[in-house]
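**Q** After the structure tokens below, expect a handful of questions from me.
The values are calculated or read from the model by the stated rules, or taken from the named source; none is laboratory data. Model, not experiment: these values are computed from the prediction. With ideal geometry, Cβ positions are generated from the backbone for all residues, glycine too; neighbour counts draw on all protein chains shown.
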Amino acid sequence: MKQYPVTELQNLFDHELGKIKAGLQHANPKGLYLPVDYSLEMGGKRVRPLLLLLSFNLFSDKIETALPAALAIEVFHNFTLLHDDIMDKAEMRRNQPTVHKKFSENNAILSGDAMAFLAYKYLLSAEMTNQAEVLQLFTQTAIEVCEGQQLDMEFENHTDVTETDYIEMIRLKTAVLLACSLKAGALIANAGEKFANELYDFGINLGLAFQLQDDLLDSFGEQETFGKMIGGDIAANKKTFLLIKALEHADNSSKTELLDWIQKPMSNQSEKINAVLEIYNRLNIKELTQNKIDSYFNACSVIFEKLEIETSKKECLRNISNKMINRIS
């Protein structure tokens, strides 16, 4: 069985995505499809489709069988980003204007809706023996992602969000889609429930580490490489792991100072961001967050070692996981 190098899988996926995008550029009405094309054109890491293809290739080399599902995962992921940006009132993504800023909010909402259904269209076009099971997984994941986004919005108005609350929110909003990608790849390859569930658990822990790394980069990354404004979560009063741990570890004086910055109307965004970052540094929040990331990544390693697959075959999974967690953007 052929083991595809990561670069070849990426090229195969990019080729399929290119065909989809070429069709979108000529589809009508243009007001619906051009924002979809723009969303997909913005790039990104394409992590989820790659995980699906890597998982599939652990058990089969008929990659063309898995490409429609990989497209579905990527289109669905970009749909969630498009709607998230509207809800967050974000102006930039990947150093480019967000869809609702380039077109309009109404265009972005409708085009996002279309992307959700296009994802199902691509998934239904895949030739697989267990289509119903894969569709059920995809549908349950889509519902959970929406649940996670709702919790994220609700947390903005709460000051009593716990670490447990937050981890459950990011499990739903971020981790389940990574886990779904890995499990779907195994299911489409007919690998069986044992492998599919182990890869799902691997994906959950990887997704939690990945999101916490995103939280960390939002406060301590470099804007040029991160692709978004540094401190955006602070400016938006997002309940991130960093803020929750800061409120948990702060003494009365620091806690009062932090809550004042959160609750006061924002007149100077950079002043607020710098003040909160100073409190984070004072409380060693960066180190606490990194420790939590490491704990989830270590859980990935335990599952990886238990996977009854030749090390040479599954090494690609370890490599991409390392890149995801050690990234700077």
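**Q** Looking at Met153, Met128, which is the one that is loosely packed, with under 15 Cβ neighbours inside 10 Å and either outside any helix (DSSP H, G or I) or in contact (Cβ under 8 Å) with a residue 12 or more places away in the chain (or both)? Break it down stepwise before answering.
**A** On the way: Met128 fails: loosely packed, with under 15 Cβ neighbours inside 10 Å.
The unique qualifying residue is Met153.
**Q** Within segment 44-51, identify whether any single residue is surrounded by 15 or more Cβ atoms within 10 Å (Cβ to Cβ) and more than 26 Å from Asp218 (Cα to Cα), and answer yes or no.
**A** Within segment 44-51 (the criterion being surrounded by 15 or more Cβ atoms within 10 Å (Cβ to Cβ) and more than 26 Å from Asp218 (Cα to Cα)), the answer is no, since none of the residues qualifies.
**Q** Based on this model, can you work out whether Ile188 counts as surrounded by fewer than 20 Cβ atoms within 10 Å (Cβ to Cβ), aliphatic (A, V, I, L, M) and within 26 Å of Asn322 (Cα to Cα)? Spell out how you get there, then give the answer.
**A** Working: surrounded by fewer than 20 Cβ atoms within 10 Å (Cβ to Cβ): no; aliphatic (A, V, I, L, M): yes; within 26 Å of Asn322 (Cα to Cα): yes.
No; evaluated as a whole, the condition is false for this residue.
Condition check ((1) among the polar types (S, T, N, Q); (2) modelled with pLDDT of 95 or more; (3) part of a helix (DSSP H, G or I)) across all residues:
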| residue | (1), (2), (3) |
| --- | --- |
| Leu288 | no, yes, yes |
| Asn291 | yes, yes, yes |
| Ala299 | no, yes, yes |
| Ser312 | yes, no, yes |
| Asn319 | yes, no, yes |
| Asn322 | yes, no, yes |
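**Q** Follow-up. Is there a residue in segment 188-201 that is closer than 30 Å to Lys62 by Cα, modelled with pLDDT of 95 or more and basic (Lys, Arg)?
**A** Yes.
**Q** Let me ask something additional. Restricting to helices (runs of 4 or more DSSP H) lying wholly in segment 200-281: which have 3 or more residues that are within 25 Å of Pro97 (Cβ to Cβ)? Break it down stepwise before answering.
**A** Values: elements: 223-226, 232-235, 241-249, 252-263.
So the answer is 223-226, 232-235.
**Q** Report whether or not Glu257 is within 30 Å of Glu133 (Cβ to Cβ), surrounded by fewer than 20 Cβ atoms within 10 Å (Cβ to Cβ) and either free of Cβ contacts under 8 Å to residues at least 12 places away in the same chain or of a type in the set (D, E, K, R) (or both). Reasoning before the result, please.
**A** On the way: within 30 Å of Glu133 (Cβ to Cβ): no; surrounded by fewer than 20 Cβ atoms within 10 Å (Cβ to Cβ): yes; either free of Cβ contacts under 8 Å to residues at least 12 places away in the same chain or of a type in the set (D, E, K, R) (or both): yes.
No.
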